[in-house]
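Trainee: Here it is, the structure in full.
Only the coordinates and a few stated rules stand behind these numbers; no lab work does. Remember, predicted model here, so these are calculated numbers, not experimental data. Note: ideal-geometry Cβ built from the backbone for every residue, glycine included; neighbour counts use all protein chains shown.
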Amino acid sequence: MISIPSDIAIEAIQSRLTGRIIGRRLQVVAEIGSTNDAIMEAGRAGESEGLAILADRQTSGRGRRGRSWASLPGVGIWTSILLRPPVSPLQAPLLTLMAGLATAEAIASVARVEPLVKWPNDLLLDGRKVVGILTEMTTTGQRIGHVAIGIGINVHQRREDFPESVRETATSIDLAAGCRVERGEVAATLYDSLDRWYAAVCGDGTSVILQAARARSVTLGKPVTVDTGEEKWQGTALDLDEDGALLVVDTRGAIQRVLADDVSIR
Ligand code: BTN
């Protein structure tokens, strides 16, 4: 049996938690297919919200749009959290932004570096991707059933550890901060930070989330290319709307609402 490295031992993480919901029930595993798959399954089985699964290694780590997510052992935080938020499925971008803000704050507090949010699901340090977020959910009519917030944080990778396809565009906390942080501390700080930001989602905190997301955004005000999967079009990112969708003015001057497409900064 593969053992769990001591830096992410469950006691090391849970003893540091101060939040009410997130991570109070935590499973740490040495290896898993995808933590998002496991959380979606737990949601279907009726688990209550707050359950977090953290893996040392994922064998089928997934990113958005069916991309794979490199999840080597010993170098990252590969975690998913089960939520049952009282919001409409249309507000999915807001949940991803909330998770991004919580993760950015956790990294800032542990490593003294300030990640920026590249809408909707990336965090960047020095212009390179350090975090990817994958939000998946079930819906019934106008309501969300359950949500898996999947967060992948590159922590200890050196340049050569990244797959060649992302070597020029990815980074890790250690590389950007110039020191070695502790994975257990990053994980515990992340769950606490998510706990606080999730309270804003459940309360009346949409405007607080949007305000913070605007302040941390690397996308707003920039010329962007929007990739729908079927076509690409260009425009300038203007603002976020109340659901967290990106408002982009296209080349004809019309304002388009972007919900889930890939957006790259030109
Ligand atoms: C992306 O950038 O496209 C999103 C990457 C999300 C990766 C995380 S790692 C934990 C969770 N489990 C997965 O299979 N994916 C997410």
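Trainee: From the square roots a ≥ b ≥ c of the eigenvalues of the alpha-carbon gyration tensor of the stretch 47-92, which class results: rounded (a/c under 1.5), prolate (a/b over b/c), or oblate?
Mentor: Verdict is oblate for the stretch 47-92.
Trainee: Additional query: What shape does the stretch 151-233 have by the C-alpha gyration tensor, where a ≥ b ≥ c are the square roots of the eigenvalues, rounded means a/c under 1.5, and otherwise prolate means a/b greater than b/c and oblate the rest?
Mentor: Oblate is the answer for the stretch 151-233, as a/c is 1.5 or above yet b/c matches or exceeds a/b.
Trainee: Among 21, 151, 10, what is the fewest-to-most ranking by other Cβ atoms within 10 Å?
Mentor: Placing the least packed residue first, the sequence is 10, 21, 151.
Trainee: For the charge dipole of the chain, defined by +1 on Lys and Arg C-beta atoms and -1 on Asp and Glu C-beta atoms about the Cα centroid, which residue among 165, 73, 138 has the Cα displaced farthest towards the positive pole?
Mentor: Selected residue: 165.
Trainee: Where does helix 92-111 land angle-wise versus the long Cα axis of the chain, in degrees 0 to 90, nearest 10?
Mentor: 50 degrees
Trainee: Per DSSP H run of n ≥ 4, the term is -39500 (n - 2.57); total these for the chain, divide by its residue number, and report the mean residue ellipticity at 222 nm rounded to 500 deg cm²/dmol.
Mentor: Per the formula, -8000 deg cm²/dmol.
Trainee: Please give the length that would be gained between residue 3 and residue 166 if that part of the chain were fully extended, namely 0.36 nm times their separation in residues minus their C-alpha to C-alpha distance (nm, one decimal).
Mentor: Result for the pair: 55.8 nm of gain on full extension.
Trainee: Follow-up question, since we're still on this one. On C-alpha positions alone, give me the angle between the axis of helix 183-202 and the longest principal axis of the chain, in degrees, nearest 10.
Mentor: 50 degrees
Trainee: So, in Å, what gap is there between the alpha-carbon centers of the stretch 182-258 and the stretch 1-73?
Mentor: 24 Å
Trainee: Using the 10 angstrom Cβ neighbour count as an exposure proxy, how do 179, 202 rank, fewest first?
Mentor: Numbers: 179 10, 202 14.
By the 10 Å Cβ count, ascending, the order reads 179, 202.
Trainee: Could I ask something else about it? For the Cα atoms of the chain, what angle does the longest principal axis make with the long axis of helix 206-215, in degrees from 0 to 90, nearest 10?
Mentor: Taking the Cα atoms of the chain, the angle to 206-215 is about 80 degrees.
Trainee: Treating the beta-carbon of each Lys and Arg as +1 and of each Asp and Glu as -1, no other charges, what is the dipole magnitude of the stretch 1-100 about its Cα centre, to the nearest 20 debye?
Mentor: Magnitude of the dipole: close to 360 debye.
Trainee: Which value in Å does the Kirkwood hydrodynamic radius of the chain take, with 1/r averaged over all unlike C-alpha pairs and then inverted?
Mentor: Value: 18.6 Å, from the Cα pair sum.
Trainee: Neighbour counts of other C-beta atoms within 10 Å: give me 60, 80, 217 arranged from fewest to most.
Mentor: Arranged by neighbour count, lowest to highest, 60, 80, 217 become 60, 217, 80.
Trainee: At a Förster radius of 41 Å, what calculated FRET efficiency corresponds to the Cβ-Cβ distance of residue 24 and residue 252, to the nearest 0.05?
Mentor: So the FRET efficiency works out to roughly 0.25.
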